[in-house]
Amino acid sequence: MASLKEKIGYALGDAAAGGITWKIMSIAFPLFFTNVFGLTVADTAALMLIARMFDVVTDPLMGALADRTQSKWGTYRPWLIYGAIPFGLIFALLLYTPDFGPVGKRIWAYGFYLVMMAMYTAVNVPYGSLLGVMTDDDNEKNQFSSFRMVGAYAMGFITLFAFPYVQKMVGGTEQHQYAVIGIIFGAIAAAGTLACGLLTKERLKPVRAEKFSFKPFKDLFKNKPWIYLTLIGICTNFFNGFRYAVAGYMFDYILGKEITVSGLIINYTVFMTFGEVTCMIFGGVSPWFTKKMGSKRKAFIVAALICAAFSTLFFFIPKDPNYIWVLIGVVVLTSIGIGLYSPLLWSMYADVADYATEKNGTSSTGLIFSSGTMAQKFGTAISGSLVALLLGIAGFVSGTNEVGETIVTISDMPAVQNMIWAIFSIIPAAIALIMVFLTKKYPIKK
């Protein structure tokens, strides 16, 4: 029986990765790269696309490597323990804007973004795989998954809510603000990752293959539950990725950079914080909800339908800051669905890993969980890339001039505003319906 301390320790891992680094990368990076750092829309889109091609190779290789690791710390925990400090340091450097021209900035952004993705893989793939070796009890797996999601969303709430206040406290240029934010949150992420590695336990021994081979990779594509779950995972991250990536633009170009209500600063990060709190609450409710529904598959379908319905409703709300509490209310209702399905996804990956071990005779837990991380990065970054491309098509142009200054121009403001609104609502709604279709086809009925 796992202790409460261990469950909290496991939650700290995703609080660091999902609640800090990935949350900032998802919601702030597209706007940061175009409006603060000074990349063009095309460069921002290309950066995220190239990184995803990189991850297609590194994620499964990391999974296979983690499965074969043997140390005094176990199979997966050493990657968290020894990767924690580099993880936080690279994140801080990525949010620093050097005083370079267009070419120098491009090299800096591409170099550190790719290294950050590699570090995220080196830490997060083993972290996800831990779930497969901490317990063999299905109910306890659901509890660990629930703690993980609550940890991620609780830290996401703290990160996003604190963001504008930290900016004001730091002062100076936006470039300076983001650099200091990188140092602060990078240090917290490193501490959380290290604590997770030290506080968790590996109770089960993976059934290791005798030597490295490409057979586990081939077996994946014969694993029907894995195929469907990977597609579902990509869609969940498309759903979140579009909304997070465009939220900053929605406030900059539709609602106003900040709305102050009774002393509360509502900017794009705080706006999304209301959803984080809801996800945190309903992430904790998810195990109970799943029992009521009778299966993970049915619970996931209902949660996705909630997301589709309220995302569609958002599209019909007037683009007016006077409706800010209506907009927040619909975001909260949408986030009920996200909170309910998020823990289920990782618990379902554990089911797929058990299915693969039973079918193939050797453990591929790290490899299977790496596909979850790859889906996370693929969905979020491709959606961020598509946001940049769609805004560019609508008339948004950004870049850096010869002296290193960031320049932004908009040729057709109404078209850009309509595109932003659709990216936050109608496009995610369509993706949620695709999730429903794929989950109906998912063959494991636990």
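The values are calculated or read from the model by the stated rules, or taken from the named source; none is laboratory data. Please read these numbers as outputs of a predicted model, since none were measured by experiment. Backbone-built Cβ (ideal geometry, glycine too); neighbour counts: all protein chains shown. Heavy atoms of the whole protein, side chains included, go into the accessibility calculation; ligands, DNA and RNA do not. Shrake-Rupley method; radii C 1.70, N 1.55, O 1.52, S 1.80 Å.
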- prompt: Which whole-Hz couplings ³J(HN,Hα) result when phi for each residue of segment 146-162 is put into the Karplus expression 6.51 cos²θ - 1.76 cosθ + 1.60, θ = phi - 60°, listed in order with x for Gly and Pro?
  reply: 5, 4, 4, 5, 4, x, 5, 6, 5, 5, x, 4, 4, 4, 6, 5, 6
- request: Compute the relative contact order of the chain as a whole-number percentage, counting only Cα pairs closer than 8 Å that sit 6 or more residues apart in sequence.
  value: 30 percent
- request: Please identify the longest segment of the chain free of exposed GluC sites (Glu not before Pro), where exposed means a DSSP state other than H, G, I, E or B and no more than 15 other Cβ atoms within 10 Å.
  value: 1-209
message: Placing unit charges on C-beta atoms (Lys and Arg positive, Asp and Glu negative, everything else neutral), compute the dipole magnitude of the chain about its Cα centre in debye, rounded to 20.
response: 1560 debye
- prompt: Tell me, what is the per residue accessible area of the chain in Å², probe radius 1.4 Å?
  reply: 38 Å²
query: How big is the chain by the Kirkwood estimate over distinct Cα pairs, in Å?
result: 21.9 Å
query: Of the accessible area of the chain, with the probe set at 1.4 angstrom, what percent is carbon plus sulfur?
result: 69 percent
task: Rank these residues by their accessible area, most exposed first, probe 1.4 Å: Thr406, Thr273.
output: Thr406, Thr273
query: Full extension from Ser411 to Phe316: what is 0.36 nm times the residue separation minus their Cα-Cα distance, to one decimal in nm?
result: 31.7 nm
- request: Between Ile183 and Asp137, take the C-beta separation as r, use R0 = 45 Å, and let me know the FRET efficiency to the nearest 0.05.
  value: 0.65
statement: For the pair His176 and Glu202, the simple spin-label estimate (label points 7 Å beyond Cα toward Cβ) gives in nm 4.6 nm
- prompt: If eta is 0.692 mPa s and T is 37 °C, what Stokes-Einstein diffusion coefficient results for segment 47-112, Kirkwood Rh from Cα pairs, in µm²/s?
  reply: 230 µm²/s
field: ³J(HN,Hα) computed for each position of segment 188-201 - Karplus, 6.51 cos²θ - 1.76 cosθ + 1.60, integer Hz, glycine/proline x
entry: 5, 5, 5, 5, x, 5, 5, 4, 4, x, 7, 8, 8, 10
- line: Taking 0.36 nm per residue of separation between Lys440 and Ser3 and subtracting their Cα-Cα distance, the length gained on full extension comes to 153.8 nm
- line: Stretched fully, the stretch from Ile426 through Leu114 gains (0.36 nm per residue minus C-alpha distance, one decimal, in nm) 109.2 nm
